[in-house]
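Enquirer: Have a look at the structure that comes next, please.
The values are calculated or read from the model by the stated rules, or taken from the named source; none is laboratory data. Since this is a predicted model, take the numbers as computed values, not measurements. Quick reminder, even Gly has a Cβ in these numbers, built from the backbone with ideal geometry, and neighbours come from all protein chains shown. The protein model used for the area step is the full one, side chains on, heavy atoms only, and it has no ligands, DNA or RNA in it. Shrake-Rupley method; radii C 1.70, N 1.55, O 1.52, S 1.80 Å.
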Amino acid sequence: MAIKKLILDLDMGVDDAMALAYAIASPEVELVGITTCFGNVRVEQSAHNCLAVLDLLGRPEIPVYLGADRPIKATEPYTPPASTTLIHGKNGIGGASVPASPYEPVGATSADGNAAVDYLIDAARTYGPDLIYVATGPLSNLALALERDAAAMMSIGRVVVMGGALTVPGNVSAGAEANMASDPEAADAVLRSGRKLTMVGLDVTHRVVLTRRDIAGWTGSGTMTGCAFASMVEHYIGSYEMNAPYLGGCALHDPLAVAVAIDPTLVGALGCNLRVDLLGEYRGRTICDERRLSDPDKSALVALTVDAPRFLSEFKTRMARVLG
């Protein structure tokens, strides 16, 4: 079987870093590029974090493309709220000291600053059904690419988004999950576009939890990579101990999305048509579109169950492989 091509769209925080490591450790896919977005940090920091972590993982040749720096309807660049900075640290990777990469992201000097959309469309035209695209932050780049060339984006073999919550409360409000709430208009445009996708949201990501015991061996490996990732994740777990102690560790949001993109059998999903609330107290909430409930064609698969033991076993094995 031919190895699928993979593009990750990252707002490079701590769980994005683990998702990137998981992808690199996965022989089923070839990571051909990374597009970046605002979210856990500003987009420039996201891109430089990606480059630094790629160096750390021994894959500096993978290109990183600068993407959206703000929600699609915003007039000013996005700055993450204090609550997000508390979770991911000021530098987005838990305050870990990771050497800066000597490379620059593609598009750093372009006129509109968004090389990610151009790259994504070109990759869609090149690889079509052999391409997997995983977005772990706001859906701004995907919405802009769909607006510019819907035919190319419809040709992608598989699209997985980490975000949303259908059967559980949100994590930034009673109804809204952080990625969807960061650019609700983009998320709504994507979910109404007809582009088939899988939504890996809080319904399942809060069921796959990494503990301090799980990462103890990362520092013990004695490698720079293992120690750096341990530092990142220790900070991340600490934020969960303050904000969601009932979980017993940190949720593996973004790594689960990558794992599901590689192996969809990890989750059980409900087919439905979704929309995003854009007004009022529920702004950012993902919910079934009442006007399309009876449509026979469902554009979204919403993950509602997860084989947590199997995923966690795979995650630990692959992280041990890539962290040395």
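Enquirer: With every protein chain present, what accessible area does E281 have (1.4 Å probe, heavy atoms only), rounded to the nearest 10 Å²?
Expert: Here the residue's solvent-accessible area equals roughly 150 Å².
Enquirer: Of the residues I62, I237, I24, which exhibits the maximal mean-square fluctuation in a Gaussian network model of the chain defined by a 10 Å Cα contact cut-off?
Expert: Checking each option, the largest mean-square fluctuation is seen for I62.
Enquirer: Further question on the same structure: Might you tell me the accessible area per residue for the chain, computed with a 1.4 Å probe and given in Å²? Kindly include the intermediate steps, with their values, before the conclusion.
Expert: Numbers: 12980 Å² over 324 residues.
Computed with neighbouring chains in place, this is 40 Å² per residue.
Enquirer: Quote the charge dipole size of the range 201-324 about the Cα centre in Debye, to the nearest 20; the model charges only the Cβ of Lys and Arg (+1) and of Asp and Glu (-1).
Expert: The calculated dipole for the range 201-324 is roughly 220 debye.
Enquirer: Continuing with the same structure: Taking 0.36 nm per intervening residue step and subtracting the Cα-Cα distance, what contour gain separates A151 from T223 on full extension?
Expert: Taking A151 through T223 to full extension adds about 21.4 nm, to one decimal.
Enquirer: Which of rounded, prolate or oblate describes the range 21-118 when judged by the alpha-carbon gyration tensor and an a/c cut-off of 1.5?
Expert: Details: a/c = 1.77, a/b = 1.22, b/c = 1.45.
Verdict is oblate for the range 21-118.
Enquirer: Setting aside same-chain residues fewer than 8 positions from K90, which lysines have a Cα under 23 Å from its Cα?
Expert: Result set, ordered by chain and number: empty.
Enquirer: Could I ask something else about it? Which of the lysines could a cross-linker span from K5 if the Cα-Cα distance has to be under 27 Å and same-chain partners fewer than 8 positions apart are dropped?
Expert: Here the lysines satisfying the reach criterion relative to K5 are K196, K298, K316.
Enquirer: Please tell me the relative contact order of the range 209-273 in percent, rounded to the nearest whole number, where contacts are Cα pairs under 8 Å and at least six residues apart.
Expert: Contact order relative to length: 32 percent.
Enquirer: Counting C-alpha atoms alone, how compact is the chain: give Rg to one decimal and Dmax as a whole number, in angstrom.
Expert: 18.0, 56
Enquirer: For Cα pairs less than 8 Å apart in space and 6+ apart in sequence, what is the mean separation divided by the residue count of the range 1-149, i.e. the relative contact order in percent?
Expert: Numbers: 272 pairs, mean separation 47.0, N = 149.
Result for the range 1-149 is 32 percent.
Enquirer: Share of the chain's accessible area from carbon and sulfur, percent, 1.4 Å?
Expert: 55 percent
Enquirer: Right, another one. Under the 0.36 nm per residue contour assumption, what length would be gained going from the current alpha-carbon distance of Y103 and K298 to full extension?
Expert: Working it through step by step, the gained length comes to 66.0 nm.
Enquirer: May I pose another question? Where both residues lie in the chain, what percent of DSSP beta bridges are antiparallel, nearest 5?
Expert: 30 percent
Enquirer: Another question, then. Points 7 angstrom from Cα along the Cβ direction at A174 and A74: gap in nanometres?
Expert: A separation of 2.6 nm, rounded to one decimal place.
Enquirer: At a Förster distance of 22 Å, what's the computed FRET efficiency of T265 paired with A320, Cβ-Cβ distance as r, to 0.05?
Expert: The formula returns an efficiency of 0.45 here.
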